[in-house]
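Following: one structure in structure tokens, then a few remarks.
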């Protein structure tokens, strides 16, 4: 039985430049010979190149898909700068009118492009050929991500495993089996909206 990915949810974000750096000399699973990175407008697609010659070149191999967004990055956290502190305008007493130089200084910042691997299985990890090896590549992306979470349920060697990576750190995870609500459960429940005993 081949390894498979059954459930996946990702909220990973990392700078686009770091994403490209990560794939310059990647440590790839043996099933993947290489990856091809394509950018179409605000979408980044990382496609697996099979190491197996028996896979037809017309077979779509697994690919990771990310949206590219711009975020403003400040040299210092603006929330820390806004906190109350000593100064002429910190409250108490009459207002102080100073020169324009004493007004709030603009915090140095720059626009940084981020690759955002966000969504569920069909959104982030597409196509079934080489799906699990490409999932392993996504786990490496998750371990290098500045922020975000990757959770998944995978089948490896006929046993289910849970995967959870938060802010670049691999954490323990378990699988919980919950009972689906039965179709006839609705008939046993109280209809609070149309109940004659409630006015």
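Are any of the residues in the stretch 56-73 exposed (fewer than 14 other Cβ atoms within 10 Å of the Cβ), closer than 16 Å to residue 139 by Cα, in contact with a helix residue (DSSP H, G or I) (Cβ under 9 Å, 6 or more places away or on another chain) and at pLDDT 85 or above?
Checked the stretch 56-73: no residue is exposed (fewer than 14 other Cβ atoms within 10 Å of the Cβ), closer than 16 Å to residue 139 by Cα, in contact with a helix residue (DSSP H, G or I) (Cβ under 9 Å, 6 or more places away or on another chain) and at pLDDT 85 or above.
Just a yes or no: is a residue in the stretch 169-178 under 24 Å from residue 22 (Cβ atoms), under 14 Å from the mean Cα position of the chain (by Cα) and surrounded by 15 or more Cβ atoms within 10 Å (Cβ to Cβ)?
No: the stretch 169-178 contains no residue that is under 24 Å from residue 22 (Cβ atoms), under 14 Å from the mean Cα position of the chain (by Cα) and surrounded by 15 or more Cβ atoms within 10 Å (Cβ to Cβ).
How many residues are crowded, with 17+ Cβ neighbours inside 10 Å, assigned to a loop (DSSP other than H, G, I, E, B) and touching a helix residue (DSSP H, G or I) at 6+ places or on another chain (Cβ under 8 Å) if we restrict to the stretch 120-151?
Result for the stretch 120-151: 1.
Is it the case that residue 154 is touching a helix residue (DSSP H, G or I) at 6+ places or on another chain (Cβ under 7 Å), in a helix (DSSP H, G or I), buried (at least 17 other Cβ atoms within 10 Å of the Cβ) and in contact (Cβ under 8 Å) with a residue 40 or more places away in the chain?
The answer is no for residue 154.
Which members of the stretch 42-55 meet the condition of being part of a loop (DSSP other than H, G, I, E, B) and surrounded by 11 or more Cβ atoms within 10 Å (Cβ to Cβ)?
42, 51, 52, 55
The values are calculated or read from the model by the stated rules, or taken from the named source; none is laboratory data. Values in this document were obtained by computation on a predicted structure and should not be read as measured data. Methodologically, a virtual Cβ is constructed for each residue, glycine included, from the backbone with ideal geometry; neighbour enumeration extends over all protein chains shown.
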